[in-house]
Amino acid sequence: YKKRGLTNKQKGDEDLEFLLTGGELVKIRSRTWKKNRFYKLQEDCKTLWHESKKTFMRDQTFTIDDIESVRKGRQSEGLKKHTDPNMEELCFSIFFKGRKKNLDLMAASGDEASRWVRALEKIINNMRNLNRQQKREHWIINCMRKADKNADNQMNLKELKHFLRQINVEVDDTYAEEIFKKCDTSNSGSLEGAEIKHFYDLLTHREEIDVIYKQYALAEGQMSARDLLNFLLNEQREEATPEDAYTLIEKYEVDEIAKQKKQMTKDGFLMYLHHDDGSILNPAHKPVYQDMSQPLNHYYISSSHNTYLMEDQVKGPSSTEAYIRALMKSCRCVELDCWDGDSGEPVIYHGYTMTSKVRFKDVIQAIKEYAFKTSDYPVILSLENHCSVEQQKLMAHHMISILGDALLTRPLGNTMPTNFPSPEELKGKFIIKGKRLNKLNAIFSNNSIIDEDTVSEEDEAADVKENGQKKTKMKLAKQLSDIVIYCKSVHFHGFEHARDNQDFYEMSSFKESKAFSLADTSATAFIHHNMDKLSRIYPAGSRTNSSNYNPVPMWNVGCQIVALNFQTPSKEMHLNQGRFLPNGFCGYVLKPEFQRSPSSQFDPGSLIKGPWLKRQTFHVMVISAQQLPKLNKDKAKSIVDPLVRVEIHGVPADNASKETHYIDNNGFNPMWNENFSFNIYVPELALVRFVVEDYDSTSQNDLIGQYCLPLTSVQKGYRHVPLLTKRGDVICSAGLFVHLMLIDAE
């Protein structure tokens, strides 16, 4: 790296040579934590390096620019507390600008301590006196020209925000204004010249990325294609080729001259890390990448409970909007709680409560319009039918007339099926789940003339009884019965009974307490049941506030339709969003082979040996975060104290949670550099959730942002993690920066 601005005379300076050679010092953190560490000035003459025993941090560096002062003696709180007065001559401290913790050090002799202090002070003064004006690459200047609408070579705040959009820097308005004020040293209300450059530097400086970049940029301080390839192979653990490195330079490098030289500048490197190739989610898993030609029951299906509700289950509004929102989040199974309406038209609402009512016809119309906007794969309409025969006929009429050819009204093919069709075969189709008066094979025989009949409302009976009603027999209209094809609702009498008596298309719904009990006592039987049938799980009726249960234990036993209250922002919905994030966010995710193979003896609770057991150690280093949003925007001085928690959700043996310390008053660029490791036994069922919270000593921490994805979709190496709000929306300016490793156990 070039020794910028240092003269030959300075290069021969004894103090400088002393720092370049380096030496051993004792780093002191407490009475008992006193460790020998090697410190030296790097060849760029502006970065101090010291060895670190922390996993993944081969070295730790800080720049001379970061140092506020160097103080000889026991002047810090730490040294006064943790060293004896007779050590005064051996001690010195490095104090940093901003909130970075000071470094307490002890040399072998008083002379050596004095030499370190003298040399550091000298180089700090030299650095401060250097002309630090550097030319920026053409692309920044071009963007500034475009942003400077009135061409006065000055930028007001509005123009500056336009400039940031030009250079692909998303920034929270509050931060932009704060930094703008800091840089507007002339108080003119606009920035010019050096002030603009200062603004850009403040906004984009990423110390932790400087460290990584410098480690690999060996071509005159820039990354050559070979350097980039080394980074991809060694850090990112990708099976990369020289062509891959050229492609990334072509894709992300912003400086045309560097691009021609097949080099990547630091700005290009940052651009790469901030886009899909540098994201934690494997870009290959972003589109639909799984085999979609397996039977429908071989997939987890994103499913909603009481889809019609916007809020709680007692007095919240029912709305077509709730269906639209769920479908736009790729929900593929929605629930319609149908009751007789006063005007002869069936309505949807939560029976026996004060929730408002919405017309069945209007809901079907909304579903038709929005079902396939985010996913082409089939939508299941789960009917909870409390209507009279007359209004049931209207329900059937509305579905047939509004949904048209998209409504599945008979099995695919001309013969009685023995298994489900695939999501691929059912693209763009609606499947009705409900009661049916007869077996499906009646469609293929001519002697089944049925008008109406009574069926026992058994699988809904649990819900009905919770509201103080007795189980009833109800009449079912033939027209409604006839459009129930692959999802016929039947009562569950046990796994053995189901195996001997149920056809593949006959499915049961389980209240959460029943389902969790079966998962605990008969996990393997539950998994085998789900190999050729569908199961739907729904929240307890006692959850009047529309809270959710944990879906993970249900996926662990292969349940496909794990219905959650989509209208309730919650940890459980974050897990659901994470589960369905890959595979094109299409609402269908292929279950692992060991949940589909009849020979499998998988039990999530016992971890007996089998193809599911793939022991790994998952190493996570939480490095930093960028531009975390303010939670209390009303209070100007309210700044977050962020901490990061990493959670694993999977089989019981894999469940774990670890968190960093919190950082005082820094949401713009907090840095933790904390390492965690997790033992993973069944990686194919594990989800990773990152949670950023605002620490509060007096009450519960507030959620700042979160992100969840399957462990199998995690990219290794240095990665950016996007952050989502509690509701699951992207916070465009915020993110986490982490280092990830997955190591197979011996």
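The values are calculated or read from the model by the stated rules, or taken from the named source; none is laboratory data. Nothing here was measured: the structure is a model prediction, and the numbers come from that model. Heads up, the Cβs are rebuilt from the backbone with ideal geometry, glycines too, and the neighbour counts pull from every protein chain shown. Ligands, DNA and RNA are excluded from the accessible area calculation, which covers all protein heavy atoms including side chains. Shrake-Rupley method; radii C 1.70, N 1.55, O 1.52, S 1.80 Å.
As a rough guide to protection, the peptides 321-331, 492-502, 247-257 ranked by mean Cβ packing within 10 Å, highest first, stand as 321-331, 247-257, 492-502. Mean separation of Cα pairs under 8 Å and 6 or more residues apart, divided by the residue count, gives region 260-394 a relative contact order of 22 percent.
To put it simply, the accessible area of the chain at a 1.4 Å probe is 47 percent carbon and sulfur. Based on C-alpha pairs under 8 angstrom that are at least 6 apart in sequence, region 508-561 has a relative contact order of 50 percent.
Whole number in Å², please: accessible area per residue of the chain, 1.4 Å probe, ligands, DNA and RNA not counted. Working shown, then result.
Working: 33070 Å² over 746 residues.
Per residue, the chain has an accessible area of 44 Å².
For region 401-446, the calculated P(r) over all alpha carbon pairs, in 10 Å bins from 0 to the bin holding the longest distance, is 22, 54, 24, 0 percent.
Can you give me the P(r) profile for region 616-744? Cα pairs, bins 5 angstrom wide beginning at 0, each as a whole percent. The distribution over region 616-744 is 2, 11, 21, 24, 19, 13, 7, 3, 1, 0, given as percents. Estimated from helical segments only, the mean residue ellipticity of the chain at 222 nm is -8000 deg cm²/dmol, where each DSSP H run of four or more residues counts as -39500 (n - 2.57). Take every pair of alpha-carbon atoms less than 8 Å apart whose residues are at least six positions apart; their mean separation over the length of region 616-744 yields a relative contact order of 32 percent.
The equivalent ellipsoid of region 207-278 has semi-axes of 15, 14, 12 Å, largest first, where each one is the square root of 5 times an eigenvalue of the Cα gyration tensor.
Here region 61-103 has an Rg and Dmax of 11.0, 32 Å, counting Cα atoms alone. Ordering 719-729, 526-536 by mean Cβ neighbour count within 10 Å, with the highest value first, yields 526-536, 719-729. Taking packing as the residue-averaged number of other Cβ atoms within 10 angstrom, the listed peptides 335-346, 77-88 run from highest to lowest as 335-346, 77-88.
Does the chain come out rounded, prolate or oblate, given a ≥ b ≥ c as the square roots of the eigenvalues of its C-alpha gyration tensor, rounded meaning a/c under 1.5 and, failing that, prolate meaning a/b above b/c? Prolate, because a/c is 1.5 or more and a/b exceeds b/c. Pairs exceeding a 25 Å alpha-carbon distance, out of LYS488/LYS591; LYS34/LYS716; LYS393/LYS511; LYS161/LYS262; LYS488/LYS726; LYS286/LYS726: LYS34/LYS716; LYS393/LYS511; LYS161/LYS262; LYS488/LYS726.
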